[in-house]
Every structure is written in structure tokens, then in C-alpha cells.
Amino acid sequence: MGKRLFILLVVLMSLSLIGIIFVQSFFINNSLENREDTFNLSVTRALSYVSRDIEEYELRKYINKIQPLVVNKQKPDSTTLRELYISRDDDINDQTIIHRNTVLEEHFKVPSLFFEINEDSIDISSFTNERVTEYYNNSSIDGSNLSKPHNSIVEFSSLPLIDKQIYQSSYKAIYKDVPMYRRVSVEQVKALLERELQSEGVKLDFEFAIYDDDLATKIQTLNFNKSPETTIGIPILMDTNNENGYTLFVDFPERKKYIFSSILKMMILSIIFTGIIILAFSGAIYQLIKQRQISQIKTDFINNMTHEFKTPIATINLALDSIRNPKIINDQEKVKRYLGMIKDENKRMHAQVENVLRISKLEKNELNISKERLKLHDIVEDAITHVELIVEDRKGYVTTHLDAVKSSILANETHFTNVIVNILDNAIKYSDSIPKIDVYSENVGTNIIVKISDQGNGMSKQVAKKVFEKFYREHSGNVHNVKGHGLGLAYVKRIIDDHHGHISVESEKGKGSTFIIKMPLIS
């Protein structure tokens, strides 16, 4: 995968993830706003029903006081408000029918003490509908017209709708200046609010108060606190001009918690699935980056291995060509020399292949490592002998400072010797000048610590973190100034891990490196 395509893919995936998170956030925020609007609508509707109930209660109380006084009064003063006459001739029965419909207003005087106002008495009006139908004969036996009806039907009925409107109008005018605490009680308002709020599905603790303009009346709960964020109000007990200074306010202290809890399950599911998407995205990006790194490492590995094999193959070819030469084929010493070169180069290629196979077996846990009681100091001394000639050839040195009193460990002699040799070999290869290597040991608790320090090229902290990874080498393109294929230290770490030990590295670019091996002691 090309670098540009890789970056484009990562950018597109990142934008998709950000878009999903944005949509989820918008959806949750929109759900909260919708829930809050629904809550406000439900509460406002409940308050309007409470306002209606309070007004109807006060109207009923007023009518219940008025009705007995109106019924028990003697003949009231009546005034005709409107009268309708309709006349028609009945030719079949030879008579004239006259229909009269009259609206009467009856006036009563009622003591004011029933209404708790500062007046001696008040005027009460009642409306009645009188309907009269009269039948007149057009002529008598002698042919003269009659002035009186020979039949008359009279009907009376009340006008309930008009009465109600009149009662409503009069009670609003009468009670306008009565203090609120004498009109309704706290318990009454609370009971109405509880009933209407529950019918709207709002099951939440509340506080309420009735305000006269901006002043609180005595009709309020103890813990009421007027807040613009959590308080909802509606006008109540309007006067005849639909004007009023009274407002019923309801406050919900736990409103935000209630609204939030109503969509909590949806939010949790949304967060969980968004989290899964983020984890999947992160995993995909990580794998893409890892695969790209592995691809790069494998490319370097193939280049390095190709370079490593080219030299011995070229040497073998040259040796074979030389042996075929008639002048040399009869020279036994030269033939043996070339055969020795072929054997050495073959061993070199075989060792490289074995390293690759050994790492593969370690990863699959197929490498059988038998362990026995060994002295770690003896292993270190033996490993140094493997590289001693190379160090001397480059005019360098390997100095030991084995100060540990106890050095007995449970280990495989061959593999652990290879571990030390690999580290020493790296110290030599990555020293451009004379190899200067110091080996230290010390006891720390029930462990032995071995430090192998060099004064070579060193490495950056970023490289030090990855130096034990399989195939990893500090990237240098196709330059092979140092032979290797990135398997040595990976093999070292796997062997030490299998021995229940620990290895780490401390390094600084240009100043050298120190490999630290920690192994458990056995008694």
C-alpha cells in the first residue's frame, strides 16, 4: 500500500468516525431538547387544568351561596329585556295564533356577609324565559270578533348558559379584591397539581407558589424557590377583562435529573456502541500501521538477507570456478583451501537459516529447551571466548567485572550462551571504532543482574523500544554497512523470557548501549 493511499484511507476513516460521533452527540442533544419541550408542554397543560379547576371550584362555591337566596326570595323585581311576537292565521280552524317569547331579568338583594366583602348587600340578577301561546277565534256565532283568547299556554324556563355567564361575571367582579389565601388553600392547590401532573405522566416532586404580580402570596410551599431554569408559571383567576395579576408557579428541583434519566438507557446504549466503533476503528488503524511497519521491516529483512546470501554464494561460485581451473585442480592444498571456504560459507548460510527457523519454532512453542543447573559466570566466560578473536583483531577488549557472589541459575547451556554471544556480537558490530566492552554482574535479592556495556554507536529511545521486535532493524534503506537480519535480539528476548528472566536496554545515541539481564537464582 502506497504512503499516500494509506494516509488517505486513515483520513477518510477518521472523518467517518468523527461524523458518527457528531451525529450521535446531535441525536442525544436533540433527544434531550425534545424531552424537555415535552416536559414543559405536559406541565403547562397540567397547570392550565389546575387553573380551570380552581376557577370552577370558586364559581361553584359562589353559585351554592347564591342559589338558596334566589330560590327563597319572594317575588323579585322583573324587567323585560327582550320580547318577540309571532302571529299567524289558521284558516282550517278559523282562528288566529299569537306566540310571545319574553326574556325577563329578575333582581334580588343579598347580604354581603356571604361573600366576605365590605358591602351591606349586593344585587343578584337571574334570567328567565317566558313563552306564551294564545288562540283567538276569528268570529263568534253572531259574527263579532272576540278580544280574549279562548285558549292560552304559558311556559317558563331558566337560561342556564346565560345564568352561568352572569354568575361568572359577577363572582369575578366580587372576588377581585379578596386576598388569595381566603379564596384557595395550599392543600387544595397541591392536591389539584398532584392529580393533574400525574395524569400528564409527570411523577416528580415539586414546589409551588401563587404570586400577585412579583410578590409571593401566602399560598406557597415552604421550599419553593423561583428559578428561570426550572420554574413554569401560568396566570390564574382572570377577571372580567381577562386581566389578572395572579400567577401559579411550579418548580421542579430535580427537573434536569428527571429529564436526563428519561433517556439514560438510550444514551448508555449509544455510548456503548460508539465506544465499540471507536475501539474497532482504533484497532483497524493500529493493524494498518502495524502491517505497514511489518511490510517495511520484511522488505528490509529480505534486502538484508539477500545481501547476506550474495556474499557466500559469490564466494562459493568463485571457489568452484577456481577448482575447475586445470592449473588448480591438481593442487591439493588449494583445492582443500577452496573446499574449506565453500564449507565455511555453507555453514554461514545454514546458521542464518537456522536462526530464522529457531525464531519460528519459539513463536509456536515447538522449540524444546531442556534446562539444568549452571553457573552464569561460566556461561559469560564461555561466550566471551567465541568473540575474543574478533575483538582482538579490531584491537578492542572485553573486560569482566563479575562481582556477584551467587550465580547459579536454571538454564539451557547452548541457548543461553547464544544469548550472551548475540549481545556481544551486536556490541562489536555497532562499534565503528575500537570495540570497548565491559561485562558486570551483581546480586540483587534473589536475582542476579548481568550488564553488558559498550561504547559504540548507541541508539535513540524510539529504536530502543523496538529493538527486541522480530525483524526490526534501525531503518537505513538498502544500506548494509552492518550485517544482520533483525533476528538476534528477538531470539535473545524469547530465550530469556522462556527462562523466566527479563532483559532491557539503556542507550544513548553516539555514547553506547547497556543491555541488562535479570535472572532468578536457584539455591
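The values are calculated or read from the model by the stated rules, or taken from the named source; none is laboratory data. Given the structure is predicted, the values throughout are model-derived calculations rather than measurements. A quick note on method: Cβ atoms are made from the backbone with ideal geometry, for glycine too, and the neighbour counts reach across all protein chains shown. Surface areas here come from the heavy atoms of the whole protein model, side chains and all, with no ligands, DNA or RNA. Shrake-Rupley method; radii C 1.70, N 1.55, O 1.52, S 1.80 Å.
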Given charges at Cβ of Lys, Arg, Asp, Glu: region 207-276 dipole, positive-most of L237, I276, I263:
I276
Highest mean first, what order results for 392-405, 444-457 on Cβ atoms within 10 Å?
444-457, 392-405
Find the accessible area per residue for region 198-283; the probe is 1.4 Å, ligands and nucleic acids are left out, and the unit is Å².
62 Å²
Taking the highest mean first, how do the peptides 413-424, 191-202 order by number of other beta carbon atoms within 10 angstrom per residue?
413-424, 191-202
Along the Cα→Cβ direction, 7 angstrom out, place labels at D498 and V405. What is the inter-label distance in nm?
3.3 nm
